[in-house]
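Participant: This is the structure I want to talk about, given as structure tokens.
The values are calculated or read from the model by the stated rules, or taken from the named source; none is laboratory data. Remember, predicted model here, so these are calculated numbers, not experimental data. Here Cβ is always computed from backbone atoms with ideal geometry, including for glycine, and neighbour counts include all displayed protein chains. We work out accessible area using only protein heavy atoms, side chains counted, and drop any ligands, DNA or RNA first. Shrake-Rupley method; radii C 1.70, N 1.55, O 1.52, S 1.80 Å.
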Amino acid sequence: MAEDSKVKAETAEAPGGRSRALAVARWRDRVARAVWAVCATLALVLAAAAFTFALEANGDNGLVTLIRDVADTVDMGFFDLDNPVKEFDGKNALVKTALFNYGIAAVVYLVLGRVLERVIRP
């Protein structure tokens, strides 16, 4: 019985502790959402860059150049089109290489984002 009253006394003193734990949980939730949003955005940029090659978009267009430059920056160096993981030959080789390498990089970002989100979220 003495232990029950001790537990009740500790829980009676816990409102500040609960609000602190709740604040930490909210903060972790927000950080997890932000990490997921960043990773999903980077995956979308890589996918958009791959589609600019597939659609044979005008490379002189400012938007196309911006998307390709950002994709080249965030491709983690492993999926770069100058030194790709897999390079195709023949007809439409650049399109196939861009779709494969940027597609794999986008999937890596999505998986990494989901794993980090699950680790961070309470």
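Participant: Name the residues of segment 21-49 whose amide N is less than 11 Å from a point 7 angstrom out from the Cα of LEU112 along the C-beta direction?
Facilitator: Answer for segment 21-49: 39-40, 42-43.
Participant: Give me the orientation-averaged projected area of the Cα convex hull of the chain, in nm², one decimal. Numbers along the way, then the final one.
Facilitator: Details: hull surface 43.3 nm².
One quarter of the hull surface, i.e. the mean projection, equals 10.8 nm².
Participant: What accessible area per residue, rounded to a whole number of Å², is obtained for the chain using a probe radius of 1.4 Å?
Facilitator: The answer is 69 Å² per residue.
Participant: Using only protein heavy atoms and a 1.4 Å probe, report how much of ASP82 is accessible, in Å² to the nearest 10.
Facilitator: Per-residue accessible area (ASP82): approximately 130 Å².
Participant: I've got another one for you. Please name whichever of THR65, ALA32, LEU94 sits farthest to the positive end of the charge dipole of the chain, dipole taken about the Cα centre and charges placed at Cβ: Lys and Arg +1, Asp and Glu -1.
Facilitator: ALA32
Participant: In the chain, what percent of the accessible surface is made up of carbon and sulfur (1.4 Å probe, ligands and nucleic acids excluded)?
Facilitator: Using a 1.4 Å probe with all protein chains present, the chain comes out at 62 percent carbon and sulfur.
Participant: Can you give the longest stretch of the chain with no exposed loop site, where a site means GluC sites (Glu not before Pro) in a DSSP loop (not H, G, I, E or B) with at most 11 other C-beta atoms within 10 Å? Mind showing how you got there, number by number?
Facilitator: On the way: sites that count: GLU13, GLU56.
With GluC sites (Glu not before Pro) excluded where exposed in loops, the chain gives 57-122 as its longest stretch.
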